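The structure under discussion appears below in the form of structure tokens.
Read-outs: derived from the displayed coordinates by stated rules, not from any lab. Source: prediction; values computed, not measured. A quick note on method: Cβ atoms are made from the backbone with ideal geometry, for glycine too, and the neighbour counts reach across all protein chains shown.
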Amino acid sequence: MFNISDVEGITFEIPEIELRPNEKIQQCESIIEQMPNRPELKNIDGNRAFYSPSLDFVNMPAIEQFETAEDYYATFFHELSHATGHASRLSREEITNPQSFGSNPYSREELVAEMGASFLCSSVQIDFDNVIENAVAYLAGWLKVLQADSKFIFKAAAEAQKAADYILNRKAIPTAET
């Protein structure tokens, strides 16, 4: 790999990045605004979406940087799902005691966040093919790490539902165990 400025004698055409004029989806905006005990929302790194457990904030690029508004909200919901694991919310071990990238706990948390985002997208009827395909591909990648625990997908789904319910400010439905 060479930096383009180090290469002489070759002309490169570098296309300008086109920002898309995505429009905000009011139902999604309402979910974000009304999340109880919501983490701080920032844009300190305009090219990355992430949740910082230690500082309890979500960083999101501008909506125009995404292919579609639906992709933006699917990503935003993923990061908010991570944020529900904070000790002041649902206190998931994978967030309160973060592990290294690719580890089993990290993989579990990625599954919970992606499934939580899928549940939230479904709640506002963002379920078109592209978002679903991206979610399935993302989930498949993390599931490979967790093949040893055949029951984990059910545990992750339950945690993801808790995360979505928290974000939507829904009270948990009592079960026979409670």
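Screening His82 against (1) more than 28 Å from Ser150 (Cβ to Cβ); (2) touching a strand residue (DSSP E or B) at 6+ places or on another chain (Cβ under 8 Å) leaves a single unmet condition, (1). Note on the range 20-82: enclosed strands (runs of 3 or more DSSP E) holding 2 or more residues that are surrounded by fewer than 17 Cβ atoms within 10 Å (Cβ to Cβ) and without any contact (Cβ under 8 Å) to a residue 24 or more places away in the chain are 40-42.
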